[in-house]
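Step one of this worksheet: look at the structure below.
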Amino acid sequence: MQQGTLMRKVKSKSWKKQRYFKLQEDCMTIWYQSKRTGKTESAFSISDVETVREGHQSEVLQSVAEEFPPERCFTIVFYGRRGNLDLVAGSAEEAQCWVQGLRQLIETKSLPLTSALVSRTWIRDWFQKADKNKDGRMNFKEVQRLLKMMNVDMNEDHALRLFQDADKSESGTLEGEEFVLFYKALTQREEVLSLFQEFSEDGKKLTLLELVDFLREEQLEDEGTEELAMELIDKYEPSETARARHVLSADGFLMYLCSLEGSIFNPQHRALWQDMSQPLCHYFISSSHNTYLIEDQIRGHSSIEGYIRALKRGCRCLEVDCWDGPNGEPMVYHGHTFTSKIPFREVVSTLGKTSWGNSSSPLPLMGTSPPSSHPQREMVMVISSRAGSQGKRPWRRWVAQGASLSPPPQELKHKILLKGKKIGRLEDTLDGPGDEAPDVSDDDNGAEAEEERRRAKVSGTQHGSALQKDKETLAQALSDCVIYCKNVPFQGFQEARSHSRPSEISSLSEAKARKLIRDEGNEFVRHNAWQLTRIYPSGMRTDSSNYSPQEMWNVGCQIVALNFQTAGTEMDLCDGLFSQNGCCGYVLKPPFMRDKETLFNPSNPSSWEGPGPITLTIQVISGQQLPKVANSKEGAIIDPLVRVEIYGVPADQAHQETKYIENNGFNPRWDETLQFQIHVPELALIRFVVEDYDKTSRNDFVGQFTLAFANIKPGYRHIHLLSKDGTSIPPSSLFVHIRITE
């Protein structure tokens with residue numbers, strides 16, 4: 001990576017300043033300074049960087065696209081709410097040098113915590129923070145300051161003893177490998193060593209057979225255990241000699257437990273593991289409300305950044321509200337409010353560049369279309385290549401096969417599915433020039449065809465004026481793009497069952513949905529087994545707050561739209577559900593929610609003949625290097641406690657918590673056991689929350705991790721905590737023991 005590179009920092013079309021950017025010798029810090037004054041403006045750590053985007057992949061760089069070519073532009077995206085850093089390099093080669101170098105550093109940072117390289121990077125990061133006079137050495141006073149920074153309240157005599165043991169040169173300071181020794185002594189894991197010695201005959205190593213015993217008895221690995229044990233030794237044993245002898249040392253054992261294989265999240269479920277050949281209505285779909293907003297609903301800023309962030313987070317159902325703009329150009333914003341506006345073409349351009357990077361799953365687009373026909377035709381011009389006639393083929397084939405439900409996600413890869421009003425029937429769209437509608441009159445769909453003709457006749461006599469109004473206000477070309485998600489008003493479950501079709505979708509407010517859940521829970525589940533339902537937040541949520549998605553998932557609602565820009569429990573649940581299945585944004589509903597005649601009612605699980613409750617037992621053992629509370633006083637040390645929350649059907653909603661540990665965020669030990677009865681585990685989500693106890697006010701959030709019950713791996717597991725924004729905060733973790741019994 002080049003150092004001292006002159007690049008343009010861009011904030012807007014009119015604000016483009018030249019700055020020198022330089023990577024520090026620690027390979028962890030980048031600072032930049034003014035070209036004119038030579039004064040250092042700012043600095044940031046590689047650990048703060050989430051990703052690097054090439055080209056015009058930000059609103060700011062799109063605004064200067066005519067001035068600077070994409071190969072010279074890139075965007076540094078930070079975790080949390082910190083703004084992006086948009087840069088223009090002097091040449092394409094220079095831009096690539098920085099992009100590839102930054103990505104390599106980010107990739108190194110994001111490797112499993114057990115990697116020796118990452119451990120040393122983390123240690124070096126702490127060293128840089130504590131070395132106040134920047135002389136490359138650390139005296140005991142600086143070590144005491146470091147302990148406070150690391151959330152450790154340690155007895156001064158004990159800290160001095162660790163310091164002196166590590167000071168091999170007897171210089172009164174620690175440098176290089178001496179600080180590594182000090183850090184390793186500080187992070188000694190007694191609870192892991194005790195577990196290791198329980199299965200090790202000599203207390204120094206685990207033989208292959210001893211490791212197999214541990215994997216079978218404690219981790220409940222029952223298939224290919226010997227092969228797995230060999231893989232773990234090869235992957236995590238740091239000693240070449242031990243690897244050659246097929247044994248695992250205590251260091252290797254800890255590395256395994258801290259790895260992805262030792263995580264509470266089943267690693268096999270991180271990949272695409274579910275059946276993707278079911279109809280669309282059989283999946284929960286990660287969905288965003290007013291995706292273009294990154295702030296509140298009244299005066300908030302509209303930005304393509306909202307779409308980029310939502311897609312990056314695994315969202316597969318976006319909202320694009322279009323309104324008439326200047327010169328007939330459709331604009332995206334929250335209608336009848338003071339939110340800012342973005343051109344529709346910029347949104348579609350962004351979707352074209354970013355929609356398929358993490359997932360090939362279909363992308364439903366919700367929203368409103370402009371009132372006037374000219375902007376509607378403009379919309380069609382920019383979306384027809386992805387949502388036009390090519391999107392008809394899977395549906396035509398599906399109808400021809402006599403299917404009574406919508407096509408599956410695997411048939412709709414890389415397709416944009418437009419939700420909106422439609423003129424007439426879907427079959428009218430399919431039966432266009434050169435497109436013959438399937439003849440289904442001689443098979444089981446004959447009755448359905450007859451019913452459709454009856455509906456068309458009724459529509460012609462009773463609703464002719466309404467249809468004519470639609471034709472007057474809706475461009476035919478835009479109507480033809482609506483294939484899988486024709487928007488229809490919800491007029492009751494009986495009406496829907498009698499007259500609606502699988503290609504139709506109804507949108508319900510959260511209040512309306514709650515009433516239906518309360519009054520007709522089973523009917524709601526049955527309805528969602530064959531037709532899509534979208535839920536959206538109350539209009540009173542002007543602050544972009546969220547409702548609980550769990551109660552909507554409990555009745556099988558597929559498109560539960562949330563404000564992705566607002567952190568909190570609701571988004572934790574969303575991330576927790578959709579972090580599985582390759583983060584493709586689609587999660588298959590349980591079998592009893594895919595049956596149109598199901599008896600399941602979330603308000604009364606006993607009415608459904610399920611397998612019966614299971615018992616989830618969680619021993620919360622310890623925590624490691626928990627972060628400080630944001631904006632806490634200097635020298636303050638947290639008093640952490642762990643709360644485990646169960647989300648699911650009403651009978652399963654529960655939470656329990658440990659006691660708090662005074663003044664220890666570095667390596668607290670709880671050794672407490674929590675137990676839960678879960679009646680419908682197929683719908684349950686488990687949320688682990690760490691808080692800083694405060695006896696006089698509300699506890700402060702420290703970190704959390706949420707996952708679906710189906711993704712839990714039993715045994716001794718680490719839980720790698722996430723921040724309020726859902727981003728990783730390595731190396732903060734919990735160590736637990738999980739048991740599941742029927």
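The values are calculated or read from the model by the stated rules, or taken from the named source; none is laboratory data. Keep in mind that what you see is a predicted model, and the values were worked out from it rather than measured. Don't worry about glycine lacking a Cβ; one is built from the backbone with ideal geometry, like all the others, and counts go over all protein chains shown. Surface accessibility is based on the protein's heavy atoms, side chains included, excluding ligands, DNA and RNA. Shrake-Rupley method; radii C 1.70, N 1.55, O 1.52, S 1.80 Å.
Of all residues in the stretch 658-675, those that are open to solvent by less than 10 Å² (accessible area, probe 1.4 Å) and not in a loop (DSSP other than H, G, I, E, B) total 2. With the condition kept exactly as written, say whether any residue in the stretch 635-645 is touching a residue at least 12 places away in the same chain (Cβ under 8 Å), acidic (D, E) and open to solvent by 50 Å² or more (accessible area, probe 1.4 Å). Looking through the stretch 635-645, none of the residues is touching a residue at least 12 places away in the same chain (Cβ under 8 Å), acidic (D, E) and open to solvent by 50 Å² or more (accessible area, probe 1.4 Å). Taken across the stretch 61-74, residues that are in contact (Cβ under 8 Å) with a residue 12 or more places away in the chain and under 13 Å from R309 (Cα atoms) do not occur at all.
Whether a residue is modelled with pLDDT of 90 or more and more than 30 Å from the chain's Cα centre (by Cα) was assessed, and V64 passes this test. What number of residues in the stretch 535-557 are in contact with a helix residue (DSSP H, G or I) (Cβ under 7 Å, 6 or more places away or on another chain) and farther than 14 Å from S509 by Cα? Selection size over the stretch 535-557: 5. For the stretch 312-351, the tally of residues that are of a type in the set (K, R) and farther than 23 Å from C583 by Cβ stands at 2.
Starting from the stretch 709-732, take each residue that is closer than 20 Å to D222 by Cα and in the same structural domain as V689 (by the TED database) and list its partners that are in a helix (DSSP H, G or I) and of a type in the set (D, E, K, R), counting only C-beta distances under 8 angstrom and pairs at least six apart or across chains. Note: pairs meeting the criteria are F709/E682; A710/E682. Residues that are within 20 Å of the chain's Cα centre (by Cα) and open to solvent by 10 Å² or more (accessible area, probe 1.4 Å) do not occur anywhere in the stretch 496-510. Just give me the residues in the stretch 646-657 being more than 23 Å from the chain's Cα centre (by Cα) and surrounded by 21 or more Cβ atoms within 10 Å (Cβ to Cβ), in sequence order. Selection gives D652 alone. Listed by position, the helices (runs of 4 or more DSSP H) contained in the stretch 249-354 that have at least 2 residues being open to solvent by 10 Å² or more (accessible area, probe 1.4 Å) and outside the structural domain of K421 (by the TED database) are 250-257. Which of the residues that make up the stretch 527-540 are open to solvent by less than 40 Å² (accessible area, probe 1.4 Å) and touching a residue at least 60 places away in the same chain (Cβ under 8 Å)? Once the filter is applied, which keeps residues that are open to solvent by less than 40 Å² (accessible area, probe 1.4 Å) and touching a residue at least 60 places away in the same chain (Cβ under 8 Å), the stretch 527-540 yields N528, A529, W530, Q531, L532, R534, P537.
Would you point out the residue of the stretch 677-698, among those that are open to solvent by less than 10 Å² (accessible area, probe 1.4 Å) and in contact with a strand residue (DSSP E or B) (Cβ under 7 Å, 6 or more places away or on another chain), that is nearest to D639 (Cα to Cα)? My answer is V690.
Quick check on my filter: what residues within the stretch 129-149 are touching a helix residue (DSSP H, G or I) at 6+ places or on another chain (Cβ under 7 Å), in a loop (DSSP other than H, G, I, E, B) and buried (at least 17 other Cβ atoms within 10 Å of the Cβ)? Hit for the stretch 129-149 is D131, nothing else. Within the bounds of the stretch 36-56, is there any residue that is touching a Phe, Trp or Tyr at 6+ places or on another chain (Cβ under 9 Å), at pLDDT 80 or above and assigned to a loop (DSSP other than H, G, I, E, B)? Within the stretch 36-56, one or more residues are touching a Phe, Trp or Tyr at 6+ places or on another chain (Cβ under 9 Å), at pLDDT 80 or above and assigned to a loop (DSSP other than H, G, I, E, B). Remark: pairs (first residue in the stretch 209-227, within 20 Å of H718 (Cα to Cα); second residue crowded, with 18+ Cβ neighbours inside 10 Å and of a type in the set (D, E); Cβ separation under 9 Å; 6+ apart in sequence or on different chains) = V212/E221; L215/E221.
Inside the stretch 368-387, residues that are of a type in the set (S, T, N, Q) and modelled with pLDDT under 75 make up a count of 3.
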